[in-house]
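So the structure is just underneath, and the comments pick up after that.
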Amino acid sequence: MPELPEVETIARKLRPELVGKRIVKADLLWSRTLATPTPAEFQKRTEGQEIRAVSRRAKYFVMELSDYYLFIHLRMSGDLYIKEVDTTQEKHDRLIFFITAEDDGMSKFVFNDTRKFGRVWLVRDPDEVVGGLGPEPLSDEFTAQWLYEGLQSRHRQLKPLLLDQSFLAGMGNIYTDEALHKARLHPLTVSDSVNREQAGALWEAIREVLQEGIRRNGASIDWAYRGGEFQNYFRVYDRKGQPCPVCGTAIERLVVGQRGTHVCPNCQRIGS
Ligand SMILES: [Zn+2]
């Protein structure tokens, strides 16, 4: 599933092609792709809207329109791309926006989603979708002090807490495993047992792995997402049995909160 760096990469790539264009018409091919509003309202409200900005919040792709915000969550297999208007419709295209193009013609902005878990929201107030999310880990709001206090005020295992989008936005399985290894913290460590120094190391590790992920255009292990190369630089994720880059011990895979989790049993010890 695409995480913060993957969605950021998609937003950065599509931004110059979308901003300033106008939606001529929306063609909703699978109605349950739409979380809100109704398909009829969606088609009416998007028609003629100008795309003012393209960004990302947590794992959501965001388009600011003249009067609305459009959020897309790619979930397991969603993908976004721009195509020439006369290209053939693909089997798993769920939503197509016909948008104005440079040459007075049109192009297609397509949401393709094989497994149908992706969702689209069109709202006036962005808080309707993202109001309950925690801070962006790369924003100034996310400080080492904030993280320390957040860990102290909860009594939860580190990995499920970091994956909880209402605590911190944008982290998924890959970047959480990578950050915990970099900070030498075990995923099962209970949050309020983490001291100030460890919280500082975790804060730094989270920012570093996300920044590196963005710099490498995300990871391309997800079959729907391609183009990134962060998968070639994983420290622990998906590396069961391979040597830890720090100490050489074989990486182990365990299951934490139903998620496959990768640790170095030497570098990461519970409660250490
Ligand atoms: Zn190690």
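Given a Förster radius of 45 Å and the C-beta distance between residue 13 and residue 153 as r, what FRET efficiency does 1/(1 + (r/R0)^6) yield to the nearest 0.05?
Working: r = 38 Å, r/R0 = 0.84.
E between residue 13 and residue 153, to the nearest 0.05, is 0.75.
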> So, in nm, how far is label residue 22 from label residue 53 when the simple model puts each one 7 Å beyond its Cα toward the Cβ?
Replying inline: 2.2 nm
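What's the whole-number percent of alpha carbon pairs in region 1-130 lying beyond 24 angstrom? Kindly include the intermediate steps, with their values, before the conclusion.
Values: 1490 of 8385 pairs.
Percent of Cα pairs beyond 24 Å in region 1-130: 18.
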> Under the classification rounded if a/c is under 1.5, otherwise prolate if a/b is larger than b/c and oblate if not, where does region 74-202 fall, given a ≥ b ≥ c as square roots of the Cα gyration tensor eigenvalues?
Replying inline: prolate
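Once you sort the root eigenvalues of the Cα gyration tensor of region 138-272 as a ≥ b ≥ c, which label holds: rounded (a/c under 1.5), prolate (a/b larger than b/c) or oblate (the other case)? Before the final figure, lay out the partial values.
Values: a/c = 1.67, a/b = 1.21, b/c = 1.37.
Here region 138-272 falls in the oblate category.
Provide the gained length on full extension for the span residue 254 to residue 75, in nm with one decimal, where the gain is 0.36 nm per separating residue minus the Cα-Cα distance. Could you put the intermediate results ahead of the total?
Working: separation 179, 0.36 × 179 = 64.44 nm, distance 2.29 nm.
Full extension from residue 254 to residue 75 adds 62.1 nm.
Rank 190, 256 by accessible area, highest first, at a 1.4 Å probe radius? Before the final figure, lay out the partial values.
Details: 190 45, 256 5 Å².
The residues order as 190, 256, largest area first.
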> Once you charge only the Cβ atoms, +1 for Lys and Arg and -1 for Asp and Glu, what is the size of the charge dipole of region 77-185 about its Cα centre, to the nearest 20 debye?
Replying inline: 780 debye
>> Full-extension gain between residue 197 and residue 86, please, as 0.36 nm times their residue separation minus the C-alpha to C-alpha distance.
In response: 34.2 nm
>> If each residue of separation counts as 0.36 nm, what is the full-extension length gain between residue 238 and residue 145 once their alpha-carbon separation is subtracted?
In response: 30.4 nm
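Rank-order 206-212, 142-148 by packing density, defined as the average count of other C-beta atoms within 10 Å over each peptide's residues, highest first. Could the numbers behind the result be given before it?
Values: 206-212: 19.1, 142-148: 16.6.
Top to bottom by mean Cβ count within 10 Å: 206-212, 142-148.
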>> Is the C-alpha gyration tensor of region 100-154 telling us rounded, prolate or oblate? Criteria: a/c under 1.5 is rounded; beyond that, a/b larger than b/c is prolate, otherwise oblate.
In response: prolate
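Tally up the carbon and sulfur contribution to the accessible surface of region 32-86 as a whole percent, 1.4 Å probe, everything protein left in place.
Values: 980 of 2380 Å².
It is 41 percent, rounded to a whole number.
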> Toward the positive end of the charge dipole of the chain, about the Cα centre and with charges on Cβ (Lys, Arg +1; Asp, Glu -1), which of 185, 129, 146 goes farthest?
Replying inline: 185
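Leaving out ligands, DNA and RNA, and with a 1.4 Å probe, what % of the accessible surface on region 153-209 is carbon or sulfur? Numbers along the way, then the final one.
Working: 910 of 1940 Å².
Carbon and sulfur together cover 47 percent of it.
At 222 nm, what helix-only mean residue ellipticity would the chain give, in deg cm²/dmol to the nearest 500, using -39500 (n - 2.57) for each DSSP H run of four or more? The partial results should precede the final answer.
Working: 7 runs with 72 residues, N = 272.
One gets -8000 deg cm²/dmol as the mean residue ellipticity at 222 nm.
At 1.4 Å probe radius, can you tell me the per residue accessible area of the chain in Å²?
Working: 12450 Å² over 272 residues.
Computed with neighbouring chains in place, this is 46 Å² per residue.
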>> Only four residue types carry charge here, +1 at the Cβ of Lys and Arg and -1 at the Cβ of Asp and Glu. Report the dipole size of the chain about the Cα centre in Debye, rounded to the nearest 20.
In response: 800 debye
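Compute the Rg/Rh shape ratio of the chain: radius of gyration over Kirkwood radius, all on alpha-carbon atoms.
Numbers: Rg = 20.1 Å, Rh = 19.8 Å.
Using only Cα positions, Rg/Rh for the chain is 1.02.
The values are calculated or read from the model by the stated rules, or taken from the named source; none is laboratory data. Just so it is clear, the model here is predicted, and its values are computed rather than measured. Counting neighbours? That spans all protein chains shown, and the Cβs are built from the backbone with ideal geometry, glycine included. Heavy atoms of the whole protein, side chains included, go into the accessibility calculation; ligands, DNA and RNA do not. Shrake-Rupley method; radii C 1.70, N 1.55, O 1.52, S 1.80 Å.
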